[in-house]
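The values are calculated or read from the model by the stated rules, or taken from the named source; none is laboratory data. Just so it is clear, the model here is predicted, and its values are computed rather than measured. No Cβ is skipped: glycine too gets one built from the backbone with ideal geometry, and neighbour counts run over all protein chains shown. Heavy atoms of the whole protein, side chains included, go into the accessibility calculation; ligands, DNA and RNA do not. Shrake-Rupley method; radii C 1.70, N 1.55, O 1.52, S 1.80 Å.
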Number of protein chains: 2
Amino acid sequence: MGKTMTIGKLASAVGISVETIRFYQRQGLVTQPKKPLNGFRQYHFDTIERLKFIINAKSLGFTLNEISTLDNLSSGCKLFHDLANTKLESIKNEISHLHNIEQNIKVLIDSCSSDCKADDCSIAEKMYS
Amino acid sequence: MGKTMTIGKLASAVGISVETIRFYQRQGLVTQPKKPLNGFRQYHFDTIERLKFIINAKSLGFTLNEISTLDNLSSGCKLFHDLANTKLESIKNEISHLHNIEQNIKVLIDSCSSDCKADDCSIAEKMYS
DNA sequence: GTTGACTTAGTACATAGGTACGGAGTTTAT
DNA sequence: ATAAACTCCGTACCTATGTACTAAGTCAAC
């Protein structure tokens with residue numbers, strides 16, 4: 001018998017909730033161990049690493065769907081490289097989109113004093129056009 | 001009789017779907033005119049402006065909930081100024097969050113060649129920790 | 001040997017912003 | 001006058017990521 005644990009221990013070992021682990025199981029991101037006689041499933045130590053991988057990938061902006069296509073890195077990192085480059089592009093796009101919005105909001109904010117009649121407010125002029 | 005139109009004309013006037021206008025009505029963002037005898041509601045011309053306001057606000061990153069608290073600009077633009085400043089802050093935060101992610105992904109991408117064995121891959125080292 | 005903490009499975013709920021569908025009535029164009 | 005296009009209302013569905021809850025069974029501690 002190696003290092004195994006129940007789902008609760010696993011959850012606190014990686015700092016997420018039991019419900020979240022179950023959810024990842026339903027999504028196919030984590031495999032569910034077989035049910036033993038007493039009914040309490042035993043999770044292998046490796047599952048901690050798998051969950052950490054998922055958590056790290058999420059923090060890098062990967063969706064659960066994307067993570068599920070990665071499976072893991074044990075067969076080399078080419079897949080990861082490719083997905084990471086794609087993600088990098090989409091993040092750059094998001095950033096420039098947000099920069100645009102930022103600029104537009106700044107222009108609006110600066111375009112009139114902080115409280116004016118609607119009739120001569122250039123914010124109104126811009127927002128209703 | 002002033003300028004009124006059915007929902008379909010309204011929708012094509014502002015370039016969104018009928019379903020979306022109905023959705024905005026359900027959300028309380030647009031008021032629904034009374035039902036006349038023939039059953040086909042007539043929308044006032046002003047509703048075009050209201051919808052344009054909503055569409056513009058959305059493109060500035062405001063949520064429908066936020067837009068509903070704005071109501072409109074006819075009572076001065078102070079409310080709008082305040083919300084816009086708050087939104088500007090949150091957009092700046094989002095941008096810096098994305099910049100962080102961008103940096104982290106770049107580091108990962110550069111940290112190993114594009115295809116290596118899992119054992120000596122520094123990506124794996126970082127993703128499983 | 002009882003109390004409290006834990007696990008099981010399944011299902012419902014939540015957010016945000018819509019999209020899609022169905023059947024019945026109405027209007028418009030030819 | 002008839003067919004196509006439009007409108008009405010209500011409801012269900014969609015993505016993404018979980019959270020909450022129930023009822024029943026089990027384990028561990030004192």
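Set side by side, the residues A:Thr47, A:Thr86 differ, and just one is closer than 29 Å to B:Ser59 by Cα and of a type in the set (Ser, Thr, Tyr), which is A:Thr86. In the stretch A:1-25, what residues are free of Cβ contacts under 8 Å to residues at least 12 places away in the same chain and within 8 Å of DNA strand D (Cβ to nearest atom)? Of everything in the stretch A:1-25, those that are free of Cβ contacts under 8 Å to residues at least 12 places away in the same chain and within 8 Å of DNA strand D (Cβ to nearest atom) turn out to be A:Ser17, A:Glu19, A:Thr20, A:Phe23.
Annotation: A:Cys116 fulfils all but one of (1) part of a loop (DSSP other than H, G, I, E, B); (2) assigned by TED's automatic domain parsing to the domain that holds A:Glu19; the unmet one is (2).
Filtering the stretch B:88-97 to residues that are under 16 Å from the mean Cα position of the chain (by Cα) and either more than 23 Å from A:Val107 (Cα to Cα) or more than 7 Å from chain A (Cβ to nearest Cβ) (or both) leaves only B:Ser90.
Taking B:Gly15 as the residue in question, decide whether it is within 10 Å of DNA strand C (Cβ to nearest atom) and under 16 Å from the mean Cα position of the chain (by Cα). For B:Gly15, the condition - within 10 Å of DNA strand C (Cβ to nearest atom) and under 16 Å from the mean Cα position of the chain (by Cα) - is not met. Yes or no: A:Asn85 open to solvent by 30 Å² or more (accessible area, probe 1.4 Å), free of Cβ contacts under 8 Å to residues at least 12 places away in the same chain and facing chain B (nearest Cβ under 9 Å)? In short, yes. When B:Leu73 is tested against (1) at pLDDT 95 or above; (2) of a type in the set (A, V, I, L, M, F, W, C); (3) away from DNA strand D (no atom under 16 Å from the Cβ), exactly one condition is not met: (1).
Within the stretch A:56-68, the set of residues being touching a residue at least 12 places away in the same chain (Cβ under 8 Å) and more than 14 Å from every other protein chain (Cβ to nearest Cβ) comprises A:Leu64, A:Ser68. From the list B:Phe53, B:Phe80, B:Phe45, the one residue that fits, being more than 7 Å from chain A (Cβ to nearest Cβ) and of a type in the set (Phe, Trp, Tyr), is B:Phe45.
The residues of the stretch B:22-56 that are assigned to a helix (DSSP H, G or I) and more than 10 Å from DNA strand C (Cβ to nearest atom), listed by number, are B:Gln25, B:Asp46, B:Thr47, B:Ile48, B:Glu49, B:Arg50, B:Leu51, B:Lys52, B:Phe53, B:Asn56.
Can you find a residue in the stretch B:98-110 that is exposed (fewer than 15 other Cβ atoms within 10 Å of the Cβ), under 29 Å from the mean Cα position of the chain (by Cα) and more than 9 Å from chain A (Cβ to nearest Cβ)? Yes - at least one qualifying residue is present in the stretch B:98-110. Inclusion of A:Leu108 among residues that are outside any loop (DSSP other than H, G, I, E, B), assigned by TED's automatic domain parsing to the domain that holds A:Glu125, in contact with an Asp or Glu (Cβ under 9 Å, 6 or more places away or on another chain) and away from DNA strand D (no atom under 13 Å from the Cβ) is not warranted. For the stretch A:92-105, the count of residues that are touching a Leu at 6+ places or on another chain (Cβ under 8 Å), under 30 Å from B:Asn56 (Cβ atoms), part of a helix (DSSP H, G or I) and within 16 Å of DNA strand D (Cβ to nearest atom) is nonzero.
Number of residues in the stretch B:114-129 that are more than 7 Å from chain A (Cβ to nearest Cβ) and surrounded by 13 or more Cβ atoms within 10 Å (Cβ to Cβ): the value is 3.
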